[in-house]
Each structure stands twice: as structure tokens, then as C-alpha cells.
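See structure below.
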Protein chains: 2
Amino acid sequence: MAGNSDAIAILGGTGDQGLGLALRFARAGRPVVIGSRKLERAEQAAAEVVAKVPGADVVGLENAEATKRAPLVILSLPFEHTAATLKGLSEAFEPGQIVVSMAVPLATAVGDGAARTIGVWQGSAAELVASLVPEGVRVVSAFQNVAAHRLMDLDHPVECDVLVSGAPKDREPVMALCALVPGLRALNGGPLGNARIVESLTALMIGLNVRYKLPEGCGVRFTGLGD
Amino acid sequence: MAGNSDAIAILGGTGDQGLGLALRFARAGRPVVIGSRKLERAEQAAAEVVAKVPGADVVGLENAEATKRAPLVILSLPFEHTAATLKGLSEAFEPGQIVVSMAVPLATAVGDGAARTIGVWQGSAAELVASLVPEGVRVVSAFQNVAAHRLMDLDHPVECDVLVSGAPKDREPVMALCALVPGLRALNGGPLGNARIVESLTALMIGLNVRYKLPEGCGVRFTGLGD
């Protein structure tokens, strides 16, 4: 792998949620690689991070190039572009890399509403991702329930639990990422198949955002776990 | 309807979660009707409520009789008995009654684990219930995510949000019930179809209870909604 072992790549890092994570990780001092289909958009997003986090170690690259630069690759793509994008990246991945799926199969992918999901043959977007990455690449799901606007608002913590699902050894580095963002708490979300519940929870939360008029988005906390 | 218009009927009120709700509603001063397949078990449960809540207005009856005694009928049955029980009660319901589904299609119904669900043809247990009640009977889903042990522990509040899903007019009296239990907060859970997400969330929470060793059960809160 060409990149820094501390680096975090975010494909689709030009969208609100990906850019929000990029800002938070950069502010925590981690090198960030923003990937996009278009180099120019990736570079723009990187410049936006530097403008908001002076001194940030961030670079914008095309998705394939970004994928090669970090041991952790977060997918922050619209669900409907996830499969096609992954198929185009098969040469870019290396065994041992961890891919983080934050995709949610919202029904917007088929022109229906954002407060609903569509069924995914593999069970969840995360399992779809797992079916498409090259052998030896590990998949973990996380961050599906974290509101983009809350991530972007660097002056406030993000009051949200993050359910991290996947194989135990693979979950650990992803759970550690959550500690970089004030307010986020990583929870052991069990096996990757649980992503189907976590993903659908996002649709429920989008419905709450609409019904309670929360343009910034709600978060979720589980109670009774101690601190 | 034969009963008190303030009464709350709980079918399957001899199980932990139903009994927990019975205790809480009785303590809040509401008349409670506990239903069971067997009269004797219903009477035992009613006696248990009176023992813990002196002066409680509670009675134990067979399910069909209990159904006739209250405008609100909460179903606290194991999922696998829900359909058969409802089919046997078609004569007991009256148009205008509200049935509250708290059923979760846990995979235990087919001998698999409690941290997973099985698919329900109608979309959710609540929609299955809606397909089986007589015309004019309204169905709302609620309380699926509330831990039985927390309800039973009368000395402490239950730190949990309750997503109440159904038609707007029908949701209101069910949301009002939540105010009877310290700690519970009712949230507008949107249309009944959303129950499929809320139900699956229970399976996720059961998994958290196992992984984090929480015999009393966790709860869920949504953040960013104001108070």
C-alpha cells in the first residue's frame, strides 16, 4: 500500500456525510484521502477541509488512487452507485484492507421516499459490499446513523452511537475511529448481517427528522450500557 | 363495550413484558385487565400486581373476556401465538377499539436466535395483526423496544423512547399511555409500516444485551429532538 498507515480514505468524500467525516478525522489530526469519481471534485473537497481545519493533512484523488492510499477505506457513496463503483475498483484494493460500508439502501434509489428502504438480495448494503470486494478485503459496517449536518458542525459534539458490525478483529480499528469524533460512541454491533437493522434504522431516523422538523438530523443512543 | 373507558387490557399479560406494563399502568392508577389463555394464570398475574401495587384496580380474565373490557387492547403475546390468538378473538372485538401490537418476529419462533428476526409476509408483526383484526378495529404498534426487566423494576424509571406507529388519530391515545410510565418518551413513529424497523431494532438490542452482558436490557433514545 502506497499510503500512510494512519491515513483514512473516504470514497465519495465529496458528499455531505463523507465530507463531514473527513473534517472530523482531519481535525483529530489524521491524514485523510478524499476520493471521488472526478479528480477536480475531490481536490475541491480537500480544499474545503483545509479551509475549515487549518493545517489538515488531506488530499483529493480519484477513487481508485484514493483506495490505494489507506488501510481503511470508507465508502460514502449513494447506495445506487455502490456496486458499480466497487466493480471498477477491484484492481485498486489489496488483501488486508478494511472497507467500511456506511451505505443505506434508501428507497430514493428507486425514486421512492427516504424514510423507507428497499430490499437488498444479500441482506444489507454492507453484505452487498462484502460480496463485491476482492478476496482478503474485509468489510465492516458503521456510521449509517450519523447525521451529515452534525458531522459538518465542528463546534458541537455528535450525540450518536455508532453500531460497528463485522468480524471481531476487523471491528476494532473501525471502533477506534469513532473515538476521533467528539460525542460518537462505538458499540459492538455484532456480525455484519446486523447491518440490515442498522441500515433500516437510518430510514426510521429520516422519518423522525421529517416529522419533528429536524434539519440537522437526530441521533441514536442506547441506554443502560454503563458509560 | 362492557368495561371502564379508562381501562387497559393486556392480552398475554402474564408474560414478563405484559406484566411489567400492567404493574406500571396500575401504579399510575389506571384500571388494568390482564388476559391469558387460562383464567387461572390471569388471576395469578392480577394477584401479583396487587401484591406489588397495593390498591391496584386489576382483574385477570380469559383473553376473550379481557378484550371486551377496554377500549385499548395491548397484545403482549409471543409472536408465534399472535395470529392464532387473534383468529380466536374475532367475536370479542368491537369497531373503534385500538389494538396495540408489541410483537416482534424474533427468529426464536422457528428455533433460531433472539438477536435475529424472521420475515413476515405482511411486512411486520404489526401489519400481520392489522390483517387479522375485524373491520373497524384500529392497530397501532408500540413498546417493542422496552425491556421487560426495566418495566418490572418499579423503583426506577425506564430509560427508553417508544416509537408509536399507526394512523395519526389512533397513535394519540397510545402515546398518552407512555406518559404513565416514568422514563418512557413517546415518539411519533409514523405509519404502521414503520413497525418493521422498530421490531427489528428489538433484535439488535437483544444482541447488545448479550454482547454487553445486560441482563436487565438496554433501552434506546433518539437525540436532537429537543427535550
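What follows is calculated from the coordinates using simple rules that are stated; it is not laboratory data. What you are looking at is a predicted structure, and each value in this text was computed from that prediction instead of being measured. Cβ: placed from backbone, ideal geometry, glycine included. Neighbour counts: every protein chain shown.
Taking other C-beta atoms within 10 Å as the exposure proxy, A:D170, A:D112 rank A:D112, A:D170 from fewest upward. Computed from phi, the 3J(HN,Hα) profile of segment A:141-156 under the Karplus parametrisation 6.51, -1.76, 1.60 (θ = phi - 60°) reads 10, 6, 6, 5, 9, 8, 6, 4, 5, 5, 5, 5, 7, 5, 7, 10 Hz, with x in place of Gly and Pro. Taking other C-beta atoms within 10 Å as the exposure proxy, B:T108, A:T67 rank B:T108, A:T67 from fewest upward. Shielding by partners for peptide B:204-211, expressed as the average number of C-beta atoms from other protein chains within 10 Å of each residue's C-beta, is 5. Taken as Cα centroids, segment A:165-191 and segment B:105-170 sit 29 Å apart, rounded to the nearest whole angstrom. Put simply, the amide H of A:V32, placed in the peptide plane, has neighbours under 5 Å in A:I8, A:D57, A:V58, A:V59, leaving out anything fewer than 5 places away on its chain.
The ranking of B:I206, A:I8 by Cβ neighbour count inside 10 Å, starting from the fewest, reads B:I206, A:I8.
Counting every pair of alpha carbons in segment A:90-197, the share spaced more than 25 Å apart comes to 25 percent.
Among chain A residues, the beta-carbon with the smallest distance to the axis carrying A onto B is reported, with distance in whole Å, as A:R221, 2.
Shape class of chain B from the Cα gyration tensor (axes a ≥ b ≥ c, square roots of the eigenvalues): rounded, since a/c falls below 1.5. A cut-off of 5 Å between modelled amide H atoms, ignoring neighbours fewer than 5 places along the same chain, links B:G13 with B:G35. Whole-Hz Karplus values for segment B:177-191 come out as 4, 4, 5, 7, 10, x, x, 5, 10, 7, 10, 5, x, x, x Hz, taken residue by residue from phi with 6.51 cos²θ - 1.76 cosθ + 1.60 and θ = phi - 60°; glycine and proline positions read x. With a simple spin-label model that places each label point 7 Å from the Cα along the Cα-to-Cβ direction, the separation between B:A176 and A:Q44 comes to 5.3 nm. Sequence-ordered 3J(HN,Hα) estimates for segment B:131-140 from the Karplus curve with 6.51, -1.76 and 1.60 and θ = phi - 60° stand at 6, 10, 7, x, 4, x, 8, 9, 10, 10 Hz, glycine and proline given as x.
With point charges of +1 on the Cβ of Lys and Arg and -1 on the Cβ of Asp and Glu, referenced to the Cα centre of segment B:1-82, which listed residue (B:I34, B:T67, B:L23) lies farthest in the positive direction of the dipole? Value computed over the given set: B:L23. DSSP beta bridges fully contained in the protein assembly as shown are about 15 percent antiparallel. Just so you know, the Rg over Rh for the protein assembly as shown is 1.04, from Cα atoms, with Rh as the Kirkwood radius. Sorted from nearest, the other copies put their A:P191 label points 3.3 nm away, the label point being 7 Å from Cα in the direction of Cβ.
Pull up the DSSP beta bridges for chain B and report the antiparallel fraction as a percent, rounded to 5. Taking every DSSP beta bridge with both residues in chain B, the antiparallel ones total about 5 percent.
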